[in-house]
Amino acid sequence: MAGKTNAVTVIILIIISIALLFFNSLFLFGSGLQRTVLNYDFYEEVLSETEFSESLVDGLTDEIYESIEEDGTGLDDEMPDEMEEEMLNTFVLTLEETFDSEWMDGVILEVINNSLGYIKGDDESLGYVDISDKKQDFENNLLSNIEESMGGVQPIANDEIQISDFMESNGFPDKIELDHLFGEGTDESSIDDGINTFQTIYSLMIITPFIVFSAFLVIFLLIGGVTRGLKWFSSAILVSSAVVALFLMILKLNITKISELLMEGSSFGGGLIQTSLDIFIGKAVFFPLVFIILSFIVLVGTIIFEKIKKGNGQEGVKQSS
């Protein structure tokens with residue numbers, strides 16, 4: 001009878017261990033996302049380690065150049081072709097000087113910070129990015145560069161007015177409304193539903209894991225006793241953490257192939273994917289390694305304690321006999 005009871009207990013412990021194994025794996029992946037994709041510092045580190053902003057500035061500059069080259073500057077219909085070409089080159093040069101990669105880093109990080117605050121529920125809207133100061137700097141620099149390129153001659157009447165009109169007509173607003181930018185061509189209700197769902201899951205991720213881990217521990221202790229319960233609990237945590245850590249290490253070893261696969265057919269990015277994955281894995285593997293160390297200490301400590309207790313019990317039996 002005792003043997004059957006013990007077998008049933010072991011089966012129950014195995015089932016609970018499997019459940020804990022899956023839960024801990026999900027928790028570790030979730031904590032990895034929380035330390036990376038949902039963390040401002042992650043993006044700041046990615047931008048500092050890559051040339052993404054430089055590539056983005058170059059790409060936007062080329063796109064604006066091609067657009068203006070096709071549609072014309074619109075500054076003066078009677079301007080000779082050579083002068084208009086000189087104006088276009090001056091415009092692109094001023095664009096590169098004013099809207100540099102350092103400024104682009106700041107804009108990207110501001111957008112990311114606003115976006116993270118919005119999807120986490122800390123902010124009610126995505127807000128906006130103010131570029132009015134840079135826009136004014138660009139207008140001033142452009143007028144100065146045009147005059148310099150023309151040998152001190154001002155080729156355009158009412159420069160300030162025409163440059164300002166040119167900026168507006170070519171899509172240079174004082175601020176970029178992120179709600180409108182990310183909402184174009186999408187179903188706003190579906191976006192709101194998705195964000196509300198995410199916020200619910202995110203709020204649960206903060207508190208629920210500790211409650212669930214505590215519940216698992218209590219169940220193990222009640223069913224298996226203190227020493228056996230701790231051994232089963234720590235073993236399940238150790239195995240699942242090791243599996244997650246191993247998976248991340250395999251990703252790291254194949255990071256170059258993965259980034260090449262993801263970037264296949266695209267020349268844009270400048271190592272962004274590879275660097276992002278490298279930083280992601282470096283941060284995501286932190287909790288699995290901590291869990292491995294802690295669970296191993298608990299497991300070994302429990303085994304040693306059990307042996308000492310068993311040894312003391314045998315000595316007591318010998319002394320009594």
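The values are calculated or read from the model by the stated rules, or taken from the named source; none is laboratory data. Model, not experiment: these values are computed from the prediction. Neighbour counts run over all protein chains shown; Cβ positions are idealised from the backbone, glycine included.
Quick notes on this one:
- Qualifying residue in the stretch 213-235 (condition: charged (D, E, K, R) and either within 22 Å of Val10 (Cβ to Cβ) or in contact with a strand residue (DSSP E or B) (Cβ under 7 Å, 6 or more places away or on another chain) (or both)): yes
- When Ile293, Ile223, Ile211, Ile207 are checked against the criterion of being at pLDDT below 90, β-branched (Val, Ile, Thr), more than 20 Å from the chain's Cα centre (by Cα) and surrounded by fewer than 19 Cβ atoms within 10 Å (Cβ to Cβ), Ile207 stands alone in meeting it.
- In the stretch 30-54, the residue that is farthest from the chain's Cα centre (by Cα) out of those that are of a type in the set (S, T, N, Q) and farther than 16 Å from Gly106 by Cβ is Ser31.
- Scanning the stretch 34-47 for residues that are in a helix (DSSP H, G or I) and touching a residue at least 24 places away in the same chain (Cβ under 8 Å) yields Gln34, Arg35, Tyr40, Phe42, Tyr43, Glu44, Glu45, Val46, Leu47.
- Every condition in (1) at pLDDT 70 or above; (2) loosely packed, with under 15 Cβ neighbours inside 10 Å holds for Thr61 except the one numbered (2).
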